[in-house]
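Participant: Before anything else, here's the structure in question.
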Amino acid sequence: MHIAEGVLSAPVLGAGAATAAFGIWLGLRRLEESRLILAAVLAATFFLGSLVHVPLGPGSVHLLLGGLAGLFLGWAAFPVIFIGLLLQAVLFQFGGLLVLGVNTCIMAVPAVLLGLLLRPVLNRGGRMALAAGFAAGTGAVLGMALLAAWALALTDQGFLAAARLIVVANLPVAAIEGIVTMFVVAFLRKTRPDLLTGSMGLERRGASC
Amino acid sequence: MPITEPSGEDSGLLSRMDVRAKLLATGVCMMAVSAIQGIGPAVAALGFALALPLAAGIRLKSVMLRLMPANFFFLFLGLVLGLTYPGERVANVLRLSLDGLEMALRIALKGNTMLLIFIALVCTTSVPALSQGLRALGVPRKLTMLLALTHRQIFLVTGEFQKLHRAALARCFSPRCSLHVYKTFALLFGQTLLRSLARAERIHGAMLLRGFTGRFHILVPSVPAWRGAAFAALLGALPLLICLYDRWPP
């Protein structure tokens with residue numbers, strides 16, 4: 001979910017960049033240096049999600065996998081999503097440089113919040129874990145759509161109609177994202193449960209950048 | 001969508017410039033363009049930006065293709081703003097808003113200008129060089145390392161997914177709107193992740209055995225700093241002048 005360059009006002013761009021910088025700083029502190037390679041694989045997988053089109057009615061949509069990023073990485077999702085968006089801008093010209101901070105916040109804030117909130121539920125296992133997976137996937141897309149709409153509405157009240165359309169258009173995407181995230185969580189709980197419980201060692205406390 | 005890697009070896013003048021200077025010039029140019037309010041100065045800035053990809057040795061067709069996704073968004077925004085923005089209406093069937101159309105035009109002009117600057121200055125730099133340039137500008141080492149490693153992993157992970165996807169297609173997997181298809185995509189993602197993680201751990205172990213210390217070295221000789229500074233100042237001056245003219249016309 002990208003907002004293009006030239007759309008947002010300077011105060012919104014500035015606030016987005018500052019929030020993203022804080023989130024990235026916090027995420028990097030939690031990211032174990034020797035595990036950067038694993039974070040890079042996760043970043044690449046989330047990047048891949050944006051390239052794979054999943055059928056929806058007569059058309060198709062691409063996945064965002066933000067909820068999954070939050071569940072895997074917690075705060076470390078901030079730098080990982082930032083890098084994914086930077087590479088999308090460099091390789092495909094999706095988004096841009098000045099708007100990168102806002103786009104990072106749009107994707108990372110709901111992902112991190114839902115990840116922190118739902119990880120304990122995920123650890124309980126069973127149907128609760130599946131429900132947590134669905135909620136993370138759906139909630140992340142809805143959160144992203146709402147944040148994108150908020151950024152547009154803060155720039156100019158005339159964007160309100162476009163903002164509403166963005167939220168409505170993302171409702172089916174949120175449902176599909178929830179289903180896919182739920183199945184991925186179910187699969188990984190059987191094969192690599194350490195990925196979901198944070199015991200893989202991606203995060204640590206009190207580390208420096 | 002195929003992933004094309006910026007090689008950083010284009011024949012143009014811009015691709016040979018110092019990465020730090022290019023990043024600084026990009027920041028200055030884009031901030032100046034984003035501050036422009038008038039349509040006339042925005043057109044002038046677009047004219048300036050159109051020359052940059054040509055100086056970078058990028059073909060016009062490739063530039064147009066790269067601009068397409070953003071322009072779909074600008075088109076959507078233009079339609080919505082034209083139909084819903086308050087203010088004076090144009091006398092036609094759709095009764096489009098004049099202010100809305102003007103705003104959409106300004107956004108499209110500025111957006112395309114900023115993208116052209118980005119394509120010419122940043123997209124002509126290879127990602128490893130970009131990572132080094134960002135590090136030289138004070139970006140934390142962990143973040144620049146993550147950028148370099150992610151860039152490498154993207155091609156490996158995508159290749160892994162394509163392999164699994166081909167195997168599924170060979171077993172008569174037919175993507176359509178059904179729960180079974182979503183579950184299959186989820187399993188493909190999960191399996192791709194597992195295989196990629198296992199390979200990444202093996203590669204990292206091999207790198208450590210060969211003395212990897214967390215630094216990637218670039219063998220291309222760097223451009224002298226004064227040339228980079230002069231280049232950044234020259235390139236940033238014109239958009240700044242256009243922006244100043246727009247804000248405080250003579």
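The values are calculated or read from the model by the stated rules, or taken from the named source; none is laboratory data. Only a predicted model underlies this, so the values are computations on that prediction, with no experimental measurement involved. Methodologically, a virtual Cβ is constructed for each residue, glycine included, from the backbone with ideal geometry; neighbour enumeration extends over all protein chains shown. Areas reflect the complete protein model, heavy atoms only, side chains present, ligands, DNA and RNA absent. Shrake-Rupley method; radii C 1.70, N 1.55, O 1.52, S 1.80 Å.
Participant: Note down the nm distance, to one decimal, between modelled labels 7 Å out along Cα→Cβ at residue B:76 and at residue B:60.
Facilitator: 2.9
Participant: Rounded to the nearest Å, what's the spacing between the alpha carbon centres of the stretch B:45-92 and the stretch B:98-175? Just the number, please.
Facilitator: A separation of 20 Å, based on Cα centres.
Participant: Taking the Cβ-Cβ separation of residue A:34 and residue B:137 as r and a Förster radius of 25 Å, what is the calculated FRET efficiency to the nearest 0.05?
Facilitator: Efficiency, rounded to the nearest 0.05: 0.50.
Participant: Work from the charge dipole of the protein assembly as shown (Cβ charges, +1 for Lys and Arg, -1 for Asp and Glu, about the Cα centre) and give the residue of B:107, A:61, A:128 farthest towards its positive end.
Facilitator: A:128
Participant: Once you keep just the Cα pairs under 8 angstrom separated by 6 or more residues, what percentage relative contact order results for chain B?
Facilitator: 33
Participant: In Å², and per residue, what accessible area does the stretch B:122-250 have when probed at 1.4 Å with the other protein chains present?
Facilitator: I get 56 Å² per residue for the stretch B:122-250.
Participant: Then there is this: How much mean residue ellipticity at 222 nm does chain A get from its helices, if each DSSP H run of length 4 or more adds -39500 (n - 2.57) and you divide by all residues, to the nearest 500 deg cm²/dmol?
Facilitator: Per the formula, -24500 deg cm²/dmol.
Participant: Tabulate in residue order the Karplus-calculated ³J(HN,Hα) for the stretch A:174-184, using 6.51 cos²θ - 1.76 cosθ + 1.60 with θ = phi - 60°, rounded to whole Hz; enter x for Gly and Pro.
Facilitator: 4, 5, 5, 4, x, 5, 5, 4, 4, 5, 5
Participant: What are the ³J(HN,Hα) values, in whole Hz, obtained from phi via the Karplus relation 6.51 cos²θ - 1.76 cosθ + 1.60 with θ = phi - 60°, for each residue of the stretch A:45-51 in sequence order, with x given for Gly and Pro?
Facilitator: For the stretch A:45-51, the Karplus-derived couplings read 5, 5, 4, 4, x, 6, 9 Hz, x marking Gly and Pro.
Participant: Within 13 Å, Cβ to Cβ, of residue A:181, how many net charges do the neighbouring residues add up to if Lys/Arg are +1 and Asp/Glu are -1?
Facilitator: Once positives and negatives cancel, what remains is +1.
Participant: At 1.4 Å probe size, with the rest of the protein present, what percent of the exposed accessible area of the stretch B:132-209 is carbon and sulfur atoms?
Facilitator: 60
Participant: Largest first, how would A:155, B:84, B:150 line up by accessible area (1.4 Å probe)?
Facilitator: B:84, A:155, B:150
Participant: Taking the Cα centre as origin and putting +1 on Lys and Arg beta-carbons and -1 on Asp and Glu beta-carbons, what dipole magnitude results for the protein assembly as shown, to the nearest 20 debye?
Facilitator: With only Lys, Arg, Asp and Glu charged at Cβ, the dipole is about 1360 debye.
Participant: Give me the net charge for the shell around residue B:44: Cβ to Cβ below 14 angstrom, other residues only, Lys and Arg +1, Asp and Glu -1.
Facilitator: Neighbourhood net charge equals +2.
Participant: With all protein chains present and a 1.4 Å probe, how do B:97, B:34 order by accessible area, largest first?
Facilitator: Reading off the accessible areas and sorting them downward yields B:34, B:97.
Participant: Could you work out which residue, out of A:94, A:187, A:159, moves most in a Gaussian network model of chain A, that is, has the largest mean-square fluctuation with Cα springs under 10 Å?
Facilitator: Checking each option, the largest mean-square fluctuation is seen for A:187.
Participant: Right, something else. So what is log10(I(q)/I(0)) for the protein assembly as shown at q = 0.06, 0.07, 0.08 1/Å, when the Debye sum runs over its Cα atoms only?
Facilitator: Each listed q maps to, in turn, -0.26, -0.36, -0.47.
Participant: Another one. In whole Hz, what ³J(HN,Hα) sequence does the stretch B:226-239 give by Karplus (6.51, -1.76, 1.60; θ = phi - 60°), x for Gly and Pro?
Facilitator: 5, 5, x, 5, 5, 4, 4, 5, 5, 5, x, 5, 5, x
Participant: Give me the one-decimal Kirkwood hydrodynamic radius in Å for the stretch A:10-197, with the sum taken over alpha-carbon pairs.
Facilitator: 16.7
Participant: Next question. What residue among B:217, B:165, B:180 has the largest mean-square fluctuation in a Gaussian network model of chain B, using Cα springs under 10 Å?
Facilitator: Of the options given, B:180 has the highest mean-square fluctuation.
Participant: Using the Cα centre of chain A as the reference point, and only Cβ charges (+1 on K/R, -1 on D/E), how large is the resulting charge dipole? Debye, rounded to the nearest 20.
Facilitator: Taking the Cα centre of chain A as origin, the dipole is about 680 debye.
Participant: Quick one: which residues, 5 or more positions from residue A:94 or on another chain, have an amide H under 5 Å from its amide H? H modelled 1.01 Å from N in the peptide plane, none for Pro or chain starts.
Facilitator: Here A:89 satisfy the definition.
Participant: In peptide A:158-167, how many Cβ atoms from other protein chains are near each Cβ within 10 Å, on average?
Facilitator: Taking the mean over all residues of the peptide, I get 4.
Participant: Let me have the relative contact order for chain A, percent, based on Cα pairs under 8 Å that are six or more residues apart.
Facilitator: 29
Participant: How large is the helix-only mean residue ellipticity at 222 nm for chain B, computed as the sum of -39500 (n - 2.57) over DSSP H runs with n ≥ 4, divided by its residue count, in deg cm²/dmol to the nearest 500?
Facilitator: -24500 deg cm²/dmol
Participant: Ok, one more. Compute for chains A and B the buried accessible surface, both sides summed, probe 1.4 Å, and express it in Å² to the nearest 100.
Facilitator: Buried: approximately 6200 Å² between B and A.
Participant: Ok, one more. With a 1.4 Å probe and all protein chains left in place, how much accessible area per residue does the stretch A:1-77 have, in Å²?
Facilitator: 29
Participant: To the nearest 10 Å², what's residue A:116's accessible area with a 1.4 Å probe?
Facilitator: About 80 Å², ignoring ligands and nucleic acids.
Participant: Which of the lysines could a cross-linker span from residue A:190 if the Cα-Cα distance has to be under 29 Å and same-chain partners fewer than 8 positions apart are dropped?
Facilitator: Candidates past the 8-residue exclusion: B:163, B:183.
Participant: Mind telling me which of B:138, B:228, B:82 comes out most flexible in a GNM of chain B, alpha-carbon contacts under 10 Å?
Facilitator: The residue that fluctuates most here is B:138.
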